[in-house]
Amino acid sequence: IMLYVFVFSVLRFMTGLCMGPVVSSILTASLCLLLGLAMLAPVVRAKRSQDITDISRALSSESWQKRVGALKTVIEKKLDIGDLPAYSRMLSSPRVPERYWLARALGRSRRPGTYQDLLSLWDDRSRNVVCMVYEGLGLRGQRSAVKQIIERLKKSEDWYIQGYAYNALRRLGWKQKKLK
């Protein structure tokens, strides 16, 4: 905002020397809009260049950013991460964003083998990853997870994680019993 105010003020002063106040203000606003769009163009171009075409190769990349990009692409294109065996190395990744997006991708998988991989992230040290595990369990729709979720919910002291656990339970059809 300060950059905009500075640029606008300088341009307005310069155009105000040769034009009337209304024309000067309109011209300055237009110039600021064009400058803003010009500054936005490289950001949009960079975003497009990050589109992943070979997901298998990206999941095996040395760059954790590329692996996260591949996981986002898997989710965006509604692919099954279970079809891409390279994901299993990411289960023990030291990078929180990688485990977070992996948990999201595993939660959308329909392969039976990915269920245990999702559960392996349940004890992650990052609460955001744990929340994605709960969300994934709710999305997978396996009612057999209800008992496990309730057991973990009883031990949890983190209200944020409890919220995700409760939402997963509700999504799985669980109804809280009324107190007597």
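Sorting 31-41, 80-90 by average packing, meaning the other beta carbons within 10 Å per residue, from highest down gives 80-90, 31-41. One quarter of the convex hull surface built on the alpha carbon atoms of segment 130-180 amounts to 3.5 nm², the projected area averaged over directions. Each Cα pair under 8 Å and six or more residues apart adds its separation to the average, and for the chain the resulting relative contact order is 12 percent. Relative protection proxy for 144-151, 104-111, from highest mean packing down: 104-111, 144-151 (other beta-carbon atoms within 10 angstrom).
Determine the sum of side-chain charges near A105: Lys and Arg each +1, Asp and Glu each -1, restricted to other residues whose C-beta is under 13 angstrom from that of A105. Result for the neighbourhood of A105: +4. Give the cross-link partners of K155 among the lysines, using a straight C-alpha distance below 25 Å as the criterion and excluding same-chain residues fewer than 8 apart. Cross-link targets: K147, K175, K177, K178, K180. Bridgeable aspartates and glutamates around K78 (alpha carbons under 19 Å apart, same-chain partners fewer than 8 residues away excluded): D51, D54, E98, D117, E135. The alpha-carbon atoms of the chain, seen along their principal axes, cover 76, 52, 25 angstrom, with the largest extent given first. Equivalent-ellipsoid semi-axes for segment 21-112 (Cα gyration tensor, √(5λ), whole Å, largest first): 41, 13, 11.
The residue list L121, W101, L172 was ranked by how far each Cα lies along the charge dipole of the chain toward its positive end, using unit charges on Cβ atoms, and L172 comes out on top.
Computed over segment 89-146, the P(r) tail beyond 15 angstrom holds 36 percent of alpha carbon pairs. Only DSSP H runs of four or more residues enter the estimate; each adds -39500 (n - 2.57), and after division by the residues of the chain the mean residue ellipticity at 222 nm equals -21500 deg cm²/dmol.
We did not get these values from a lab; they are worked out from the coordinates using the rules stated. Worth saying up front: this structure is predicted, and the values here are computed from it rather than measured. Every residue, glycine as well, gets a Cβ built from its backbone with ideal geometry; the counts of neighbours run over all protein chains shown.
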